[in-house]
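Participant: Please read through the structure below; I'll follow up with questions.
The values are calculated or read from the model by the stated rules, or taken from the named source; none is laboratory data. Quantities reported herein were computed from a predicted structural model and do not represent experimental measurements. Positions of Cβ are generated from backbone atoms using ideal geometry, with glycine treated the same way; all protein chains shown enter the neighbour counts.
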Ligand SMILES: *Cc1c(COP(=O)(O)O)cnc(C)c1O
């Protein structure tokens, strides 16, 4: 076995032990069951119920967003967010090429066209310096709108995605958005509990989407949420996701073509139990990440992907990166770790590799391709983090 591969296995096992380890499994050890039971015993299981409101209030409290609207999935939250900022059919929307397919799909569901942007190795998010150069060269601005010179279509929004929980460079993205007349819709699906400075991800742009799928840092089974500081947008988000029904005691009057994309009370109940533990989950995951980082300091040719300076990541998925000269070892690493029941996997196939997005407008995506060919996600869930001993700073843990 190549020493890079065996050293990687040793580094991972020195942190999490040699028991089998999955990538990210949910943990339900607090009030989840009690809250879900309450839905069943009271009959409030569906799209109306007190847990939905409570879940939204908790999310507002945690993120600082003025409005949080619970939805049926992260994808639906992203789709409605794009619609609400005014994305129209045949608009182009800038998205990172390295993302989960939902980012591109939400753009397509609006009838718009994803325009693929390269990523920076440091944040794994949009490379703003490269994007600025590209936009200057390939767009024209006419009466306050930015057009793609080659397709003549308007470019109307940018969707930064906080990859694996690591915040994208929002200050630069907001500057670019301002210069090129772009709405900013954050794909914060992976970054609940992640901050840039003191500000929670998903509160920088016009609107944002979070996901509560089973593999995310906290889960509702399936679900998502829209975050915004714009009360008017928030109210419209709620209206659109609840069939555009005008509230009334008994009348069913709907004032536009709405959607049924509301989170059921059952799911919100699970989510309330989970959100109560978010802070604890983030602390555990940050301790795990810290241990991995230390362990990988002594592994040649591999670096641990650390949070960008000035940020506090939730470390949703830990990632390691082979150096360029050793990219060819990726598949051997995946094979050897999975054989030892250490679940690892590569980053998503980039959007330009998928049949439906391969002919999208795109800039040079060489950094994305490079990172994608060298990156591996390693076990990261709360249940894995719970295996790592936590020593508090006071040094006053029980000695038996
Ligand atoms: C999980 C995820 C989504 C959407 O989530 P669903 O809840 O599964 O629809 C969107 N974008 C990114 C980057 C994600 O990781």
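Participant: Between 292, 259, 357, 315, which is in contact with a helix residue (DSSP H, G or I) (Cβ under 9 Å, 6 or more places away or on another chain) and either assigned by TED's automatic domain parsing to the domain that holds residue 168 or free of Cβ contacts under 8 Å to residues at least 12 places away in the same chain (or both)? Show your work before the answer.
Facilitator: Values: 292 fails: either assigned by TED's automatic domain parsing to the domain that holds residue 168 or free of Cβ contacts under 8 Å to residues at least 12 places away in the same chain (or both); 357 fails: either assigned by TED's automatic domain parsing to the domain that holds residue 168 or free of Cβ contacts under 8 Å to residues at least 12 places away in the same chain (or both); 315 fails: either assigned by TED's automatic domain parsing to the domain that holds residue 168 or free of Cβ contacts under 8 Å to residues at least 12 places away in the same chain (or both).
Answer to the selection: 259.
Participant: For the list (1) within 16 Å of the ligand (Cβ to nearest atom); (2) part of a helix (DSSP H, G or I); (3) surrounded by fewer than 20 Cβ atoms within 10 Å (Cβ to Cβ), I need the number of the one condition that residue 23 fails.
Facilitator: (2)
Participant: Could I ask something else about it? Would you call residue 221 in contact (Cβ under 8 Å) with a residue 40 or more places away in the chain, part of a loop (DSSP other than H, G, I, E, B) and closer than 25 Å to residue 263 by Cα? So that I can check it myself, show each step before the final result.
Facilitator: Working: in contact (Cβ under 8 Å) with a residue 40 or more places away in the chain: yes; part of a loop (DSSP other than H, G, I, E, B): yes; closer than 25 Å to residue 263 by Cα: yes.
Criteria met by residue 221.
Participant: Among the residues that make up region 241-261, is at least one of them at pLDDT 95 or above and under 20 Å from the mean Cα position of the chain (by Cα)?
Facilitator: yes
Participant: Within 13 Å of the chain's Cα centre (by Cα) and either away from the ligand (no atom under 16 Å from the Cβ) or closer than 26 Å to residue 236 by Cβ (or both): which single residue out of 135, 192 fits that description? Talk me through it step by step, then tell me what you get.
Facilitator: Values: 135 fails: within 13 Å of the chain's Cα centre (by Cα).
None of the other options fit; the residue is 192.
Participant: Same structure, new question: Within the group 307, 276, 332, which residue is in contact (Cβ under 8 Å) with a residue 12 or more places away in the chain and buried (at least 18 other Cβ atoms within 10 Å of the Cβ)?
Facilitator: Numbers: 276 fails: buried (at least 18 other Cβ atoms within 10 Å of the Cβ); 332 fails: buried (at least 18 other Cβ atoms within 10 Å of the Cβ).
Among 307, 276, 332, only 307 is in contact (Cβ under 8 Å) with a residue 12 or more places away in the chain and buried (at least 18 other Cβ atoms within 10 Å of the Cβ).
Participant: Something else about it: Sort out which residues of region 97-120 are touching a strand residue (DSSP E or B) at 6+ places or on another chain (Cβ under 6 Å) and within 9 Å of the ligand (Cβ to nearest atom), and write them in order of number.
Facilitator: In the first step, residues of region 97-120 are kept if they are touching a strand residue (DSSP E or B) at 6+ places or on another chain (Cβ under 6 Å); the result is 97-99, 103-104, 107, 112-117, 119.
Of everything in region 97-120, those that are touching a strand residue (DSSP E or B) at 6+ places or on another chain (Cβ under 6 Å) and within 9 Å of the ligand (Cβ to nearest atom) turn out to be 99, 103.
Participant: Next question, about the same structure. Specify which of the listed residues (68, 77) is within 16 Å of the ligand (Cβ to nearest atom), in the same structural domain as residue 129 (by TED's automatic domain parsing), closer than 27 Å to residue 266 by Cα and assigned to a helix (DSSP H, G or I).
Facilitator: Numbers: 68 fails: assigned to a helix (DSSP H, G or I).
Only one candidate passes the filter, namely 77.
Participant: If I filter region 57-71 down to residues being in contact with a helix residue (DSSP H, G or I) (Cβ under 8 Å, 6 or more places away or on another chain) and buried (at least 21 other Cβ atoms within 10 Å of the Cβ), which single residue comes out as nearest to residue 239 (Cα to Cα)? Before you say what the answer is, go through the steps one by one.
Facilitator: The initial filter retains those residues of region 57-71 that are in contact with a helix residue (DSSP H, G or I) (Cβ under 8 Å, 6 or more places away or on another chain), namely 58-59, 62, 65-71.
Right, trim to buried (at least 21 other Cβ atoms within 10 Å of the Cβ) and you get 59, 65, 67-71.
Working: 59: 18, 65: 18, 67: 13, 68: 13, 69: 10, 70: 12, 71: 12 Å.
If we take residues in region 57-71 being in contact with a helix residue (DSSP H, G or I) (Cβ under 8 Å, 6 or more places away or on another chain) and buried (at least 21 other Cβ atoms within 10 Å of the Cβ), then 69 is nearest to residue 239 (Cα to Cα).
Participant: Mind listing just one residue for me: the one in region 204-216 that is part of a loop (DSSP other than H, G, I, E, B) and more than 9 Å from the ligand (Cβ to nearest atom) and, of those, surrounded by the fewest Cβ atoms within 10 Å (Cβ to Cβ)? Quick ask: steps written out before the conclusion?
Facilitator: Taking region 204-216 first, the residues part of a loop (DSSP other than H, G, I, E, B) are 204-206, 212-216.
Remaining after also requiring more than 9 Å from the ligand (Cβ to nearest atom): 204-206.
Working: 204: 22, 205: 27, 206: 19.
Taking the candidates together, the pick is 206.
Participant: When you go through (1) within 14 Å of the ligand (Cβ to nearest atom); (2) under 11 Å from residue 170 (Cβ atoms); (3) surrounded by fewer than 24 Cβ atoms within 10 Å (Cβ to Cβ) one by one for residue 201, which number turns out not to apply?
Facilitator: (3)
Participant: How many of the residues making up region 88-109 are surrounded by fewer than 23 Cβ atoms within 10 Å (Cβ to Cβ) and either over 16 Å from the mean Cα position of the chain (by Cα) or modelled with pLDDT under 95 (or both)?
Facilitator: Qualifying residue count for the region: 6.
Participant: For region 138-156, which residues satisfy the criterion of being within 19 Å of residue 184 (Cβ to Cβ) and loosely packed, with under 10 Cβ neighbours inside 10 Å?
Facilitator: Once the filter is applied, which keeps residues that are within 19 Å of residue 184 (Cβ to Cβ) and loosely packed, with under 10 Cβ neighbours inside 10 Å, region 138-156 yields only 144.
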